[in-house]
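The values are calculated or read from the model by the stated rules, or taken from the named source; none is laboratory data. None of these values were measured; they are calculated from a predicted model. Neighbour counts are summed over all protein chains in view; Cβ atoms, including those assigned to glycine, are modelled from backbone coordinates with ideal geometry.
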Amino acid sequence: MPKDAAVEEFARLVRAVKARDGRSYEALGRRLNVSASTLHRYCSGATVPEDFGVVDRLAVLCGADAEQRRALEESWTRADRARRPPAPEPEPAQVPEAEQVPEADPWTAPVPEPASGHARVPAPGTAAVPGREPGDGPGTAAAGAGGTRPGLPSGGRRRRWGRVGLFGGAAAVVAAVTLGVVLLPGKAREPAAPPPPPLTWTVASHVWANGCGHTYLAERTPPPPPEPADARRWATAAGAVHGGETLVRVSVQGRGASAVVLQGLHVRVVERGAPPAWSAYRMEDGCGGAVTPRRFEVDLDRPRPVARARDGYDASGQEGRTLPAVSFPYAVTAADPEELLVSARTARCDCSWFLELEWSAEGRSGTVRIGDEDGSPFRTSGAEGRPAYGYDSRGRAWITASESGQSG
């Protein structure tokens, strides 16, 4: 089956961006904290990334201009949409006829009589005329003893114009003028919304170690392992949760040219429970890579988890080199983003948690709460002692670690 045209066009643009730099897949992957094989799958069209952040960082690293980055993002959107199943259109809500209340006519609705002791006030420049209501137009006769206006059916109520403007009487106008305020019926003055934070971010919460290694917990036997880029959809369909570790990649950048200083990263656990008695399913065993990216490590089993910066390590050369840990504070702009990789682990907890990022810029400061792609908290559950399975690609079935000859 030929590849989808949108996916092939996106892969072509990614290859063109990579060709601008000339470095190998492995060298670029080290800078982007992804494996060389993952980057190669993007360029070949075998995989469309879950979010655009990693491709945008590749474009910036290879010197692409703003117009090329926009074209790349538009192509990614089309390719991502082509890979997703179409969502069903919601049916329009049907309103029962009994609930369809006709709107009242403001010109024929009854108006209460003024309270006793308050005389009607004629409109400025007019005098009270016997037999005429104040505010009635010239030549309009007052209602007879029956309370009807000529020309209307018997019993019809005429429109009274004794109200001034939008209020119930002259006393209300005088009070409004005295207080120096203007009141609008049915609308209360709302406080102005605070301006948005000067930074933006994207989140990828189904990141696999070295692009291949990860464990999920599932109550029932799930489908075969997906491609890493399709992990989120696979886990959602299978009802699976992260087992033992969640890797979260947060790409942060400013909204404009002005620098935004990132001051610190914190962890907020919002719910704790016992891990579910589900089986553990490993996406791939024996997976390794030459690069261990720098990251923040979080121990969710602690009463107050802390995000601790750790060095990375590059063992791809003849002599390995250390990748210094991220240290706060540091600045980001729209053209100079930063990537934060967070490894959150637990052995005893079914934990739901958020990240909180402190920032300051141009005399302002604040904290943004970062959760999963849909805004919900991240969820990580301990997997120790659970039955573990790996996928046998030849037999096309999940088998236990003892059946596969693997330990642990």
Exercise. Restrict the check to the stretch 206-221 and report whether at least one residue is under 19 Å from the mean Cα position of the chain (by Cα) and within 30 Å of Ala397 (Cβ to Cβ).
Key: yes
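Results for (1) in contact with a Pro (Cβ under 6 Å, 6 or more places away or on another chain); (2) of a type in the set (Val, Ile, Thr); (3) buried (at least 20 other Cβ atoms within 10 Å of the Cβ), shown as yes or no for each residue.
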| site | (1), (2), (3) |
| --- | --- |
| His214 | no, no, yes |
| Pro224 | no, no, no |
| Arg232 | no, no, no |
| Val250 | no, yes, yes |
| Val261 | yes, yes, no |
Quiz item: Which one of Gly375, Gly363, Gly385 is among the small types (Gly, Ala, Ser) and within 18 Å of Gly53 (Cβ to Cβ)?
Solution: Gly375
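Does Asp336 qualify as being surrounded by fewer than 18 Cβ atoms within 10 Å (Cβ to Cβ) and within 23 Å of Trp208 (Cα to Cα)?
Numbers: surrounded by fewer than 18 Cβ atoms within 10 Å (Cβ to Cβ): yes; within 23 Å of Trp208 (Cα to Cα): no.
Against the criterion (surrounded by fewer than 18 Cβ atoms within 10 Å (Cβ to Cβ) and within 23 Å of Trp208 (Cα to Cα)), Asp336 does not qualify.
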Self-check item: Among residues of the stretch 10-40, those that are more than 20 Å from Leu340 (Cα to Cα), under 27 Å from the mean Cα position of the chain (by Cα) and not aliphatic (A, V, I, L, M), counted
Solution: 1
Exercise. Name the residue, out of Ser381, Ser393, Ser352, Ser327, that is under 33 Å from the mean Cα position of the chain (by Cα), among the hydroxyl-bearing types (Ser, Thr, Tyr) and loosely packed, with under 12 Cβ neighbours inside 10 Å.
Key: Ser327
Self-check item: Selection within the stretch 269-281 - part of a strand (DSSP E or B) and loosely packed, with under 15 Cβ neighbours inside 10 Å
Solution: Val270, Glu271
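So that you can scan it fast, the table gives a plain yes or no per residue for (1) among the small types (Gly, Ala, Ser); (2) in contact with a Leu (Cβ under 8 Å, 6 or more places away or on another chain); (3) surrounded by 18 or more Cβ atoms within 10 Å (Cβ to Cβ):
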position: Pro198; (1), (2), (3): no, no, yes
position: Val203; (1), (2), (3): no, no, yes
position: Val207; (1), (2), (3): no, yes, yes
position: Thr221; (1), (2), (3): no, no, no
position: Pro228; (1), (2), (3): no, no, yes
Quiz prompt | Candidates Thr367, Thr322, filtered to the one that is in a strand (DSSP E or B), of a type outside the set (Gly, Ala, Ser) and more than 19 Å from Val269 (Cβ to Cβ) | solution = Thr322
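To keep it simple, each residue is scored yes or no on (1) over 27 Å from Arg233 (Cβ atoms); (2) in contact (Cβ under 8 Å) with a residue 40 or more places away in the chain; (3) aromatic (Phe, Trp, Tyr); (4) not assigned by TED's automatic domain parsing to the domain that holds Val332.
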{"site": "Arg348", "(1), (2), (3), (4)": "yes, yes, no, no"}
{"site": "Ala388", "(1), (2), (3), (4)": "no, yes, no, no"}
{"site": "Arg394", "(1), (2), (3), (4)": "no, no, no, no"}
{"site": "Ala397", "(1), (2), (3), (4)": "no, no, no, no"}
Self-check item: Criterion violated by Tyr313 - all others in (1) assigned to a strand (DSSP E or B); (2) modelled with pLDDT of 85 or more satisfied
Solution: (2)
Self-check item: Failed item, numbered, when Ser24 is tested on (1) under 23 Å from Pro324 (Cα atoms); (2) among the small types (Gly, Ala, Ser); (3) touching a residue at least 40 places away in the same chain (Cβ under 8 Å)
Solution: (3)
Quiz prompt | Test set (1) assigned to a strand (DSSP E or B); (2) over 16 Å from Trp278 (Cβ atoms); (3) touching a Lys or Arg at 6+ places or on another chain (Cβ under 8 Å) - Arg233 fails condition number | solution = (1)
Self-check item: Sole exception among (1) touching a Ser or Thr at 6+ places or on another chain (Cβ under 8 Å); (2) of a type in the set (Val, Ile, Thr); (3) over 27 Å from Tyr313 (Cα atoms) for Thr246, by number
Solution: (3)
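Conditions (1) in contact with a strand residue (DSSP E or B) (Cβ under 9 Å, 6 or more places away or on another chain); (2) assigned by TED's automatic domain parsing to the domain that holds Asp314; (3) buried (at least 20 other Cβ atoms within 10 Å of the Cβ), marked per residue:
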position	(1), (2), (3)
Ala5	no, no, no
Glu9	no, no, no
Arg15	no, no, no
Asp21	no, no, no
Ser35	yes, no, yes
Ala46	no, no, no
Val55	no, no, yes
Leu58	no, no, yes
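Please determine, by comparing only the residues of the stretch 292-310 that are in a strand (DSSP E or B) and acidic (Asp, Glu), which one is farthest from Leu357 (Cα to Cα).
First, pick out the residues of the stretch 292-310 that are in a strand (DSSP E or B): 292, 295-299, 308-310.
Next, only the ones that are acidic (Asp, Glu) stay: 297, 299.
On the way: Glu297: 15, Asp299: 18 Å.
Applying the filter and picking the extreme gives Asp299.
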